[in-house]
Each structure stands twice: as structure tokens, then as C-alpha cells.
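A short worksheet on the structure shown next.
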Amino acid sequence: MSCEQYRDAISARLDGEDPGLPDASLDAHLAACPDCASWAAAARRVTRLVRVGPAEPVPDLTAAVLAAAGPPRRRLRPGELLVRAGLGLVALGQLLLSWPSLLGQDSMAQTMHGAHESGAWNAALAVALGWVAVRPRHAAGLVPLLAALLAGLVGVSLPDLVHGYVDPGRLSTHLLVGCGLGLVATLAWVRRDPRPSRGGRGGGIRPAHPAGGADGGQPAATGPPRGFRLPRPASGGQHETAA
């Protein structure tokens, strides 16, 4: 076999392909032929330079990228501050309503513990309403609780009113729950995300090129293509290389 055939086999082995010759035969030729051994050493250096090139220095853009990818500061929408202020007033009214019961001065309660339980519930409701007024992002989570509470109050209060178990003045205190529900629901609606949901994911950060390439096509190759061959050596034992 000629040296050219051996060098083709060396190039194929460097590419991870089948050299077409037994490794023992190829190694034996390299040990006996100084020209092919020198060519193989140069080929290994060129292959390594092509595959493992030094990275070019680039500026550190970590801070800028994180700042750009972070959620933008949300602007207050029209009417939001007004709704939150109204909700704060309702929370204050609910807290004042709980005070007599906490002091055991609830005439409707049959026991002191019953008065304390009623006062604790009203105070907790006041805190929840006040919290949503300060942290409006929690508004949507409070709507089901307030709706269930108001429905329960209406369901038990109407029969009690018909049978004379409660006076209208006492029932008027439940209007705070209705006002709170209306304001919390309004706040949740005002703060809703107007962007349509896509596959259950709303408003996420999407990559500029999902496929990985700069033009949206296939990702750029990170190494030499398969089948890469070093150029044939020139006559007289000289050879050329091309990256």
C-alpha cells in the first residue's frame, strides 16, 4: 500500500471513522515510516486546533441580561389606588365591628366564648382585607372565601329575619362583607393579565431564536463536519493544511 492510502486511513481515524485498515497495521506503518509519522503528528495538531480553538474574550453581560429578563415594574392602572383605598376603609370598619365582640359586649352572643369567637372571626377578616389592600396581588385568592362567606350569611340571615330572630340593624353589619367582596373582585379584575394565555403559560420570556440559530434555523455547528479530510500532501514530502 502507498503512503497516501495510509494517510487517508489516519485522517479517517482522527475523525472517528472506520480507517479501513487494522489498527495494528496502521501503527506498524507509522513506526516504520518517518514521513507518515510526521504527517500524522501535524494532522493531530491541526485537528485539535480546529476542534478546540481558544475562546475569544467577550464582555461580561450577566448583569445587563438579568436586568432585561427580569419582570418590568408594573404601573398602577386607572382606579386601582381608589379601589385599594376603599378596601382599606372596609377593613377598618370590619376591625371596629369586631371590637365589641372581643370585649365580650355582643348582645347576640349567648356565651362569652361565642362573643369572642365572633370577634376573632371579624378581626381576621379585617386583617385579610387590609392585607389585600396593601398587597393587591393576593386579591384573586381571597375572592372565593369572601363569596362563600357572603353566600352563607345570606342563606342563614334571610330565614332568621323572616322569623324575627334578628333585627335589620344587626344584618346591616354584613354589608361590609359584601362591599369587601365587591372591592376585592374589582381589584383582581383590574390587575388581571390582559395577554392571552398560550398553552397554559402566560407572559413567559421566550428565546429570540427557539431553534438555536441566529436566523431561527438549525443550531450552529460546534465542531468540524463529519467526513472532514486533511488536504493531500504536496510533492517532495511537503504538505499544506487548510482550516
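Values as computed for the structure displayed
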{"quantity": "Linear extension gain, residue 192 paired with residue 28, 0.36 nm per residue minus alpha-carbon span", "calculated": "51.5 nm"}
{"quantity": "Per-pair calculated FRET efficiency, R0 = 22 Å: residue 116 and residue 89 via Cβ, rounded to 0.05", "calculated": "0.30"}
{"quantity": "Calculated FRET efficiency for the pair residue 58/residue 17, C-beta based, R₀ 35 Å, to 0.05", "calculated": "0.55"}
{"quantity": "Extension gain, residue 175 back to residue 67 (0.36 nm per residue minus Cα-Cα distance, nm)", "calculated": "34.3 nm"}
{"quantity": "Cα gyration tensor category, rounded, prolate or oblate, for segment 97-161 with a/c compared to 1.5", "calculated": "oblate"}
{"quantity": "Cα centroid separation - segment 1-21 against segment 112-187, whole Å", "calculated": "85 Å"}
{"quantity": "In nm, spacing of pseudo-spin labels at residue 163 and residue 131 (7 Å Cα→C-beta vector)", "calculated": "3.5 nm"}
{"quantity": "Cα-projected label distance for residue 1 with residue 45, points at 7 Å along beta-carbon direction, nm", "calculated": "2.5 nm"}
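Since every read-out is calculated from the coordinates, none of them should be taken as a lab result. No experiment lies behind these values; they were computed from the predicted model shown. Every residue, glycine among them, receives a Cβ derived from its backbone with ideal geometry; neighbour counts consider all protein chains shown.
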